[in-house]
Amino acid sequence: MTTIDFQILLALIEKMCVIVVIAYLITRTRYFTEILDNRFTLENQAVLILIFGAFSIYGTYASSEMFGMLPNLRDLGPMIGGLVGGPLVGVGAGLIGGVHRYFLGGFTSVPCSLATVLAGLFGGIIYLLKRGKFIGVPGAVLFAALMESLHITMVLLLASPYSRAVMVVKDVGMPMLLSNSLGMMIFAFIISNLIKERETAEERDMYFDELERKRYELMIAHEIQQSFLPETVPYLKGFDLAAINLPAKEVGGDFYDFIPISDDKIGLTIADVSGKSVSAALFMALSRTIVRASATGNPGVADVIKDANNLIVADAKSGMFVTLFYAILDLEERRLRYVNAGHNPPVVFNGETGDLLMLRAKGIALGVIEDAELEEHEIVLKNGDVVVFYTDGVTEAVDDRERPFGEERFFKIIEENHNLSAGDIIEKIKDEVLSFSGDTPQFDDITLMVLKAV
């Protein structure tokens, strides 16, 4: 490259730096972003034609005259206008820049003016071929290089005398091709970044909208699931009864129920579905409905849960299961008959001796196999006896060092607070578990039911 070439290139780069700033400002206008969104109006197209037309005129003065030709960035405005705004914007800007160049005169005025118009036209054709999608940085730079090569070729073909055209192309052709390609690269980079910013913002907005929608759906699911739990605790003559359910997530798999059997008998059940979240909640709704339908008005215990199990097995296609403790309380005889289908055995505090008894019975979780065998037992409750039904979310709660709450702490709370009401005993257990866990997220659902003979 000669000294003249280098000087011309430096001059063009200097002007181009100014154009880059202008380009950044243009791409942040409302009209430009509307065009990027394919929201074409007469107003925004007219404004962009004027902007890129003026941009083209400014590009004409990006270097000093040499041999009657101005090595410049004039084609850059129409090219960008066509690539982002289509043929109308590209040709409109090209006409403004081309007509201006034509009236400046010189033996290269015709090919240079025509090349400027063609730069906008071809940019618009590329826009149509890409269906309004920006061609990207590599494609835009290649287009600029080819366009300036065409510009140089047109000067050689149309300018006269030919010898002067050759001298002009030799001295300014390469600096102009490099400058326009570099200018297009920077301009295309700014546009591509803007498009990515907008796509990222759109994806972020869509993500937050979807997140909000799912939160709303989970809130509705939580309300629906809570509606499956008893709204009120029934009054039981001679007994104090309370219960609570704290899902680890918006929805969970634990449930408890009070099932009417007769005037002097009531069914008590507590259960824990395998898994968590929505799938567990759906299986919980199925299991609770089946158990309640099977047990309502039926004084049986083991046979009721066996029938419920067979129905659950028939519908359990996902491999899920539910552990369940079911008992019938006879209010007159103060007798509790029960079965345990793989659930945590409830704890009985003996009001006379202070001993703790676990209500164990052989049985397998519901939904595993048909015709499961369940062992039925019964106990008689006396004044001061406390029965605490619970799920493993109580004893398996962990602290920040992954230490479990454990049965020992659980039993101690029962022993120390057996004189309280059923509701207060539940509050004590809940507060101790949550205090123990601290900031550690709740790992599993916590469900408690307390029955106290009074």
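The values are calculated or read from the model by the stated rules, or taken from the named source; none is laboratory data. Every value quoted in this text rests on a predicted model; they were computed, and no experiment measured them. Because the Cβ atoms are built from the backbone with ideal geometry, glycine has one as well, and the counts that use them run over all protein chains shown.
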Open item on the list: Given the criteria in the same structural domain as residue 235 (by TED's automatic domain parsing) and buried (at least 21 other Cβ atoms within 10 Å of the Cβ), does residue 395 qualify?
Closed with: no
Open item on the list: Checking the structure you have, find out if any residue of the range 194-206 is under 22 Å from residue 59 (Cα atoms) and of a type in the set (A, V, I, L, M).
Closed with: no
- [ ] Would you be able to say whether some residue in the range 168-181 is farther than 27 Å from residue 24 by Cα, among the polar types (S, T, N, Q), over 19 Å from the mean Cα position of the chain (by Cα) and surrounded by 16 or more Cβ atoms within 10 Å (Cβ to Cβ)?
- [x] no
Open item on the list: Of all residues being within 37 Å of the chain's Cα centre (by Cα), among the charged types (D, E, K, R) and not in a loop (DSSP other than H, G, I, E, B) in the range 410-454, which is nearest to residue 383 (Cα to Cα)? Just the residue, please.
Closed with: 427
- [ ] Give just the number: which of (1) out of contact with any Gly (no Cβ under 8 Å at 6 or more places or on another chain); (2) buried (at least 16 other Cβ atoms within 10 Å of the Cβ) does residue 419 not satisfy?
- [x] (2)
TODO: Those residues that are aromatic (Phe, Trp, Tyr) and either surrounded by fewer than 16 Cβ atoms within 10 Å (Cβ to Cβ) or more than 19 Å from residue 272 (Cα to Cα) (or both), I need them from the range 336-372; list them, please.
DONE: 349
- [ ] Of the numbered conditions (1) touching a helix residue (DSSP H, G or I) at 6+ places or on another chain (Cβ under 6 Å); (2) assigned to a helix (DSSP H, G or I); (3) in contact (Cβ under 8 Å) with a residue 24 or more places away in the chain, residue 73 fails exactly one; give the number of that condition.
- [x] (2)
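Listed here are the residues, each with its yes/no results for (1) aromatic (Phe, Trp, Tyr); (2) part of a helix (DSSP H, G or I); (3) within 26 Å of residue 199 (Cα to Cα); (4) at pLDDT below 95.
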position: 23; (1), (2), (3), (4): no, yes, yes, yes
position: 33; (1), (2), (3), (4): no, yes, yes, yes
position: 54; (1), (2), (3), (4): no, yes, no, yes
position: 64; (1), (2), (3), (4): no, no, no, yes
position: 77; (1), (2), (3), (4): no, yes, yes, yes
position: 95; (1), (2), (3), (4): no, yes, no, no
- [ ] Having 3 or more residues that are in contact (Cβ under 8 Å) with a residue 24 or more places away in the chain is the bar; report the strands (runs of 3 or more DSSP E) wholly within the range 354-404 that clear it.
- [x] 376-380, 386-390
TODO: Tally the residues that are modelled with pLDDT under 85 and over 16 Å from residue 255 (Cβ atoms), restricting the search to the range 273-315.
DONE: 2
